[in-house]
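Written out below as structure tokens is the structure these notes cover.
The values are calculated or read from the model by the stated rules, or taken from the named source; none is laboratory data. This is a predicted model, so every value here is computed, not measured. Counting neighbours? That spans all protein chains shown, and the Cβs are built from the backbone with ideal geometry, glycine included.
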4 protein chains.
Amino acid sequence: MPKTAILLIDCPDRKGLVVAIVDFLVRQYDVNILNSDQHQDAELGLFFMRVEFATDDPTCTLKHFHSAFGPLAAKLHMNWRIEFADAPRNVALFVSQYLHCLADLLQRHQAGEFRCNLSLIVSNHENARPLAEFYGIPFHHLPVTRETRPQVETAQLDLLAEHRIDLIVLARYMQILSPAFVDAYPQRIINVHHSFLPAFTGAKPYHAAFARGVKLIGSTSHYVTEVLDEGPIIEQDVARVTQNDQLPSLIQKGRDLERLVLSRAVQWHLEHRILSYANKTVIFA
Amino acid sequence: MPKTAILLIDCPDRKGLVVAIVDFLVRQYDVNILNSDQHQDAELGLFFMRVEFATDDPTCTLKHFHSAFGPLAAKLHMNWRIEFADAPRNVALFVSQYLHCLADLLQRHQAGEFRCNLSLIVSNHENARPLAEFYGIPFHHLPVTRETRPQVETAQLDLLAEHRIDLIVLARYMQILSPAFVDAYPQRIINVHHSFLPAFTGAKPYHAAFARGVKLIGSTSHYVTEVLDEGPIIEQDVARVTQNDQLPSLIQKGRDLERLVLSRAVQWHLEHRILSYANKTVIFA
Amino acid sequence: MPKTAILLIDCPDRKGLVVAIVDFLVRQYDVNILNSDQHQDAELGLFFMRVEFATDDPTCTLKHFHSAFGPLAAKLHMNWRIEFADAPRNVALFVSQYLHCLADLLQRHQAGEFRCNLSLIVSNHENARPLAEFYGIPFHHLPVTRETRPQVETAQLDLLAEHRIDLIVLARYMQILSPAFVDAYPQRIINVHHSFLPAFTGAKPYHAAFARGVKLIGSTSHYVTEVLDEGPIIEQDVARVTQNDQLPSLIQKGRDLERLVLSRAVQWHLEHRILSYANKTVIFA
Amino acid sequence: MPKTAILLIDCPDRKGLVVAIVDFLVRQYDVNILNSDQHQDAELGLFFMRVEFATDDPTCTLKHFHSAFGPLAAKLHMNWRIEFADAPRNVALFVSQYLHCLADLLQRHQAGEFRCNLSLIVSNHENARPLAEFYGIPFHHLPVTRETRPQVETAQLDLLAEHRIDLIVLARYMQILSPAFVDAYPQRIINVHHSFLPAFTGAKPYHAAFARGVKLIGSTSHYVTEVLDEGPIIEQDVARVTQNDQLPSLIQKGRDLERLVLSRAVQWHLEHRILSYANKTVIFA
């Protein structure tokens, strides 16, 4: 039974990169390349590559790959990572009072759209509990106030460590995370912001969009960084606002967008299709 | 031969508005209502209506309508205007060096999409001249420098007055208009901004969008007001950016959007489908 | 407390319709018109109108309206109906093995997007039962074989009658309904077909779309008529197929479309925004 | 000065294809791979690849490449072709009476969007002549009747041969081409059909779409094959039909789609981004 892995690389663009990488994989592990995709950022002079390969070679382990590929990677100034498809991925969902994104993610997981374990649901409210129980996901109610935030974050981080969480999905979690929390999970916290970023950052973006009179509303999924709503954008989508839309119907249309852009981001992350650089992303999809 | 007119109204919402308006039209001019459309802005408590009607009554003139409808309009605190469909509309196109919007508008006009005269083309460069001549539109080359702007604007305003221009379309005209110029044509100057406003105001929006890593680029047509890129939005559209897009292909995709949103705005304006209020628009379409 | 009602009309187009209708409502019931919208089908010479109004007049009942409005309606050859907003609407959901549409409808109902009672869920399989129980909707398992279809349909019709069902939603119910069943609920059965109709009627539309190499896949919600996949279309939407899409990802994208077009159809039906004529629909939205 | 070329391959999928191809290019011509992209059709078990490379090797000519790559290609059962980026491409535009696609293509060519010579315009009507003359493209008026079609096609084929035409674009050319004509330019005639194929094949698709009551209209660009409207689809796009659209506005919206899908197809063809197989296309874009 061959194992499948994904190699993700970004580095300064130069001649011979594709050949060097493909040659390494074939000579070292006699791989079968299932998929390979590359892009450039001509403005920044960068090269991006994603290779999905299968190999029967039992020596192809995380540790072996690091020592075998390391020297080449260093020579070519690569940022890179290798992900084995059969490695378990543990996901935590954070939610507050709006449940539409959570319900959507749970249903998609049940339908087999995500390759991961949903390990736990964390909320500062109680209303997601029945849904969590229905889908059989452990639910942790951790209320937050301005005063208790530090202790609550410590409790959250303990939970995440205990369950060896790889990815945190903020499914309309309405609390701000501290820089220390964010730093603990770089490129591993996905948020959905209910506007077409960079328009309408901050609170109440639907109200702001309605007041400005835009003709399309949007939604954005992105990695969380220390600066609110400024992290690398993963996916965006929009819906048309008509003359008949008032704030409530605009918000309802927005919920559909939130579900779509968040679920796509989660799927792409879990399939190792996202490469993040210069506060942007390349999506290999 | 009946004449056709469009009545556009906005006023505080209250009971009985539709009936009062319809009754007036029927009793006064025995109209046939061809189309009537109404909307509310529930946040602001406003009512909007567009009625398109036909009448055989020869007394239904601009002057007569004003004196007949004026008292009712005053009583109900209406902003309103009446537009007769057979009134000639004179349009001026302003352009700089990029000709794709201009070429598109000229071709659409020739194909009969716009009910108007294209009276003149004004440019601070010479390169639109052949296109203007091909379509038989008088071309005025008025170069602008920082120093000459006031005199040039005076010359432009003289031209516009001489041709009794009703609408000015900035088809990628890259000069800033002075407040005095803008004030002379309120809600009668349409611009296209090559971003999804309010994101990426100002210069080089495609570069800014590429640098921010957005997944959709947009374009916006709007009425020009004194504050740059802040006028009432008329139309917006977006296109998907993929991992293969570099700046040049992103700009090319953007040109398609610019053509679409600008041409829709011009058509809607000429068909009296746009009502502007509170720095927003209602589109009756 | 005023009552709100919606009047839907289609009739041959002629002068004076809007005035006649508005005048009747005001004179008879002193209504406040909350919304009125009208359209034409110029090809067929038809006029369509939807008026939403409020009245304090206690005589404005279904029965009274019929006798009061009937003569005018007859004179103008109208098809029409009146719907009171506070009238209870009972909805039955039919589903087979794919649960994504059902889960979506249940979540939207819980979030308040639909003005109706979800009275029961009918399925020829058992797998929707847990979801039904979670949302507290009575679940009826009625397996169907070619031989038992007539008896099962009788049992279904009994259930529907017993619960005074107003609308049947086929949320990926993979059984064909007999003409007699369809006739019992004209314009009151909504189906989702997983293609952009009229392309790819019949079974396995995603497979057919993939084989034909279309660049967009679609989904269609429609009223069910005796001829399979030929009923009046209510809503359609599409998603782009890329070079990376194989059949499974195409089907996954399709599921998102199915949810969207079906939920919009259900909402518009419940808000009395759909007028059906000549095997087409007018959507007042 | 290095030369740039594009290699396009389809063959049965098997292990080692990427490596074999990349290795050949590097060993034979010491290439720099600018871009490489591959896809599979899992249903049919096929592999597709597009490699864009640069080389300084003067021996890398069309003839040399054929003899050097031929044996490997034969061994792996490849269909393949090599295209040198600096090879001149001659394009003929065919048009009838609607000029919107023609005007759009001419303007895009002038703006530098297409890498080709526009060698000639052929029409069965005179109305495109001024546009042709404005853009300086030789215009050939060849009227067609049912009786004269064979002679006219002979004249057309002579013209195409004389100008060494590589690609024929039917920019709303409303005449049917004979099988012999089509056979002379396999995968080298691009047509735009004004519907979302496979819906509404044949004549008057907008009328058919309006009669069926679809909620989106579409447009399709495709390679022409002997069976009308059945060739491999290159690109499709759609626009929303609203309750306000009558046939004329629907046709106007359709014209925008026709321009977009036809211009994208022409650009992709000229950039060797289209691979055609099994009556479908892979777009490397």
Next item on the list: Within the range D:222-247, track down each residue that is under 19 Å from C:L275 (Cβ atoms) and of a type in the set (S, T, Y).
Entry: D:T242
Checklist line | Which listed residue, of A:R146, A:R172, is more than 13 Å from A:V91 (Cα to Cα), surrounded by 14 or more Cβ atoms within 10 Å (Cβ to Cβ) and not polar (S, T, N, Q) | finding: A:R172
Notebook entry, point to check: If B:R108 satisfies every condition in (1) basic (K, R); (2) under 26 Å from B:G202 (Cα atoms); (3) buried (at least 19 other Cβ atoms within 10 Å of the Cβ) but one, which is the exception?
Noted result: (2)
Notebook entry, point to check: Looking at B:R240, B:R255, B:R273, which is the one that is under 12 Å from the mean Cα position of the chain (by Cα) and charged (D, E, K, R)?
Noted result: B:R273
Notebook entry, point to check: Among the residues of the range A:84-102 satisfying the criterion of being within 14 Å of another protein chain (Cβ to nearest Cβ) and over 18 Å from the mean Cα position of the chain (by Cα), which is farthest from A:M174 (Cα to Cα)?
Noted result: A:H100
Notebook entry, point to check: Do the conditions hold for A:R212, that is, is it charged (D, E, K, R) and over 21 Å from the mean Cα position of the chain (by Cα)?
Noted result: yes
Notebook entry, point to check: If you go through the range A:250-258 one residue at a time, do you hit one that is without any contact (Cβ under 8 Å) to a residue 60 or more places away in the chain, within 22 Å of B:S276 (Cα to Cα) and in the same structural domain as A:L177 (by TED's automatic domain parsing)?
Noted result: yes
Next item on the list: Working only within the range B:229-260, note down all residues that are more than 7 Å from every other protein chain (Cβ to nearest Cβ) and of a type in the set (V, I, T).
Entry: B:I234, B:V241, B:T242, B:I251
Next item on the list: Tally the residues that are in contact with a strand residue (DSSP E or B) (Cβ under 6 Å, 6 or more places away or on another chain), surrounded by fewer than 22 Cβ atoms within 10 Å (Cβ to Cβ) and modelled with pLDDT of 95 or more, restricting the search to the range D:217-236.
Entry: 1
Checklist line | Every residue from the range C:26-54 that is of a type outside the set (S, T, N, Q), closer than 22 Å to C:K75 by Cα and at the interface with chain B (Cβ under 8 Å from one of its Cβ atoms) | finding: C:V26, C:D37
Margin query: Can you confirm whether C:A265 is crowded, with 23+ Cβ neighbours inside 10 Å, touching a residue at least 12 places away in the same chain (Cβ under 8 Å) and in contact with an Asp or Glu (Cβ under 7 Å, 6 or more places away or on another chain)?
Written below: yes
Item checked: Matching residues, the range C:47-83, being within 16 Å of C:D23 (Cα to Cα) and basic (K, R) -> C:R50, C:K75
Note to self: With the requirement that a residue be among the β-branched types (V, I, T), touching an Asp or Glu at 6+ places or on another chain (Cβ under 9 Å) and under 21 Å from A:I274 (Cβ atoms), what does the range A:1-49 give you?
What the structure shows: A:T4, A:I6, A:I33
Check: How many residues, within the range B:214-226, are within 9 Å of chain A (Cβ to nearest Cβ) and either hydroxyl-bearing (S, T, Y) or touching a helix residue (DSSP H, G or I) at 6+ places or on another chain (Cβ under 7 Å) (or both)?
Finding: 2
Item checked: Residue count for the range D:154-213, restricted to those that are within 14 Å of chain C (Cβ to nearest Cβ) and over 11 Å from D:V224 (Cα atoms) -> 18
Notebook entry, point to check: Filtering the range A:191-205 down to residues that are part of a loop (DSSP other than H, G, I, E, B), under 18 Å from the mean Cα position of the chain (by Cα) and of a type outside the set (S, T, N, Q), which residue is surrounded by the most Cβ atoms within 10 Å (Cβ to Cβ)?
Noted result: A:F196
